[in-house]
1. Return the residues of segment 383-408 that are closer than 24 Å to residue 210 by Cα and open to solvent by 50 Å² or more (accessible area, probe 1.4 Å); say none if nothing qualifies.
2. Could you please let me know if residue 347 is assigned by the TED database to the domain that holds residue 75 and open to solvent by 30 Å² or more (accessible area, probe 1.4 Å)?
3. With respect to residue 176, determine if the residue is free of Cβ contacts under 8 Å to residues at least 40 places away in the same chain, surrounded by fewer than 21 Cβ atoms within 10 Å (Cβ to Cβ) and over 13 Å from the mean Cα position of the chain (by Cα).
4. Hydrophobic (A, V, I, L, M, F, W, C), closer than 30 Å to residue 198 by Cα and either in contact (Cβ under 8 Å) with a residue 12 or more places away in the chain or surrounded by fewer than 24 Cβ atoms within 10 Å (Cβ to Cβ) (or both): is that true of residue 376 in this structure?
5. Taking segment 154-180 on its own, how many of its residues are part of a helix (DSSP H, G or I), farther than 11 Å from residue 244 by Cα and of a type outside the set (Ser, Thr, Tyr)?
6. If I filter segment 83-104 down to residues being at pLDDT 90 or above and open to solvent by 10 Å² or more (accessible area, probe 1.4 Å), which single residue comes out as nearest to residue 332 (Cα to Cα)?
7. Cβ contacts < 8 Å: first residue within 19 Å of residue 133 (Cβ to Cβ), restricted to segment 266-283; second residue assigned to a helix (DSSP H, G or I) and among the aromatic types (Phe, Trp, Tyr), any location; separation 6+ or different chain. Result?
8. Take segment 473-482 and flag every residue that is in contact with a helix residue (DSSP H, G or I) (Cβ under 6 Å, 6 or more places away or on another chain) and open to solvent by 10 Å² or more (accessible area, probe 1.4 Å).
Amino acid sequence: MSQSYLEEPVIESEKKPQVDRQDDAESIHSVNTISREPTNLTHNRSHVSHTHDAPMEHYSSYIEIPDEVYDRLPHSRKVIIVALLSFCSFLAPISSTTILAAIPEVAATYSSNGTIINLSNALYMLFMGVSPCFWGPLTQVYGRRIICLITAFLFLGCSLGTALSPNLVSYFIFRILTALEGTAFLTIGASCIGDIYRPSERATAMGWFLSGTLIGPAFGPFIGGIIVTFKSWRVIFYLQTALAGVATVGAYFLLPETAHHMKADDLVGLPLRAKARVLWAMLNPWRVIKLYKYPNLIMVALASSSLVWNMYSLLTPIRYILNPRFNLTTPIQSGLFYLAPGCGYILGTFGGGKYADYITVKWTAKRGVRVSEDRLRSALPFMGIVMPICMLLYGWSVEKRFGGVALPVIMMFVQGVAQLFCFPSLNTYCLDVMQQNGAEVIAGNYMIRYLFAALGSATVLPAVEKIGVGWFSTISALFLVVSTLATLAAVVWGRGWRERIDQKRRANRGKMAETEHEMQAVVGNRKEKDLV
């Protein structure tokens, strides 16, 4: 959508709808969605100004996009795009955990210790959380394809730099740079799915896409354990470099431009100074943070954060907790434990997204109209009941030494399945609820969740050493319960929250417009007096 509702200058194209005659394989940026909007959506024309000359009553954070927009690509092409995006989304998260199995070896290389090296992983998560504030707006302005190509190439270079790092400082720097690039895949992937799939079917595609983001962290330590058992830890990052190369080539040949409208097109013909002013308003990272004036987005971000906190607080200390508990001696042995949640993620992929879409269709039929918050209902039992129980049994079985190897493995597996019944619902909601700003909403969600992931990665080892794995797991379980209650609040009151915020913003826009008109009238009167 070309109309922006985040209080920025907006320049709409005055051109008639045209079909881009370029090769469809290169771009599907060929449909001007303005021309296909329902009659209740006006083509709002605006000049470079901080107030809109569009009728105020048409403002809404939610705009329904016509169904025909989603028919631009055949189903087979969509499947290829989702497969590619899932592979790309595999890269940044796997990098966050592959090194976990090799922390003692990296520490030995740089004459450091496990706590310091684990801090680099926490910084990796922190910068994964910061970067979506930049990538979200960039993909709205310049499109998905070009940003994906640029970040894939930079991710490749930074991965190679990490592998070749001669000292601890350079290792930290390249890890941080890799994190800054890697999060773009997550934002772009979710945005592309929102571009090409209808709301009633996109959670299924989102489930497959998210399998990469979750399978990567789970299988990463196992892969790292194999590598570090037989080779240097640097081989982990050489492998990551090769995978990034595959992603770069795949994106170049297989990823078309999926954005319905690129805001950069609206800048054509503007004077340089006006273009710079409008472009800054479009790219300002504060745009992403401002979205959290909507309480429903805060609740869903909290829910996503609890899941990621749970995942990384579970995966990060395995070698330090389970190796002593079960008398394991090699990295590859502890790496086997990571297969349990990984297999759960794979199994959950087949049903999580479909279940979220089923709940959406069911409640749409029940209401007679689709309400975005109904999708969140699919996550509630898994996030509020299944996962807290699994976390408690996992933590206390390890702490009190009961249940043998089987109980923690089963709990990790069940948690993996449950997470794939939660994430598709939460991620797809971010695309559904504000479709014209989907990339920025999903970017804000990733920002919050990876900040919590960074916090979990940094605190889990010191916390486990101080209070034990049982009590730390109890804290994680309580976090899940609280976030479930927050999500339930969004289900019950989210639509009302959105409408009240929209009403306030309409009123503010009206006041701004009145003020501008008054100023113009004063200036006009002064000019008349001067002429007299």
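The values are calculated or read from the model by the stated rules, or taken from the named source; none is laboratory data. What you see is a predicted model, and the numbers here were worked out from it, not measured in a lab. FYI the Cβ positions are ideal-geometry reconstructions off the backbone, even for glycines, and counts take in every protein chain you see. Keep in mind that these areas ignore ligands, DNA and RNA; they rest on the heavy atoms of the full protein, side chains included. Shrake-Rupley method; radii C 1.70, N 1.55, O 1.52, S 1.80 Å.
1. Selection gives 385, 389.
2. no
3. No.
4. Judged against the criteria, residue 376 is a match.
5. 12
6. So the residue we want is 87.
7. These pairs meet every condition: 283/134.
8. 479, 481, listed by residue number.
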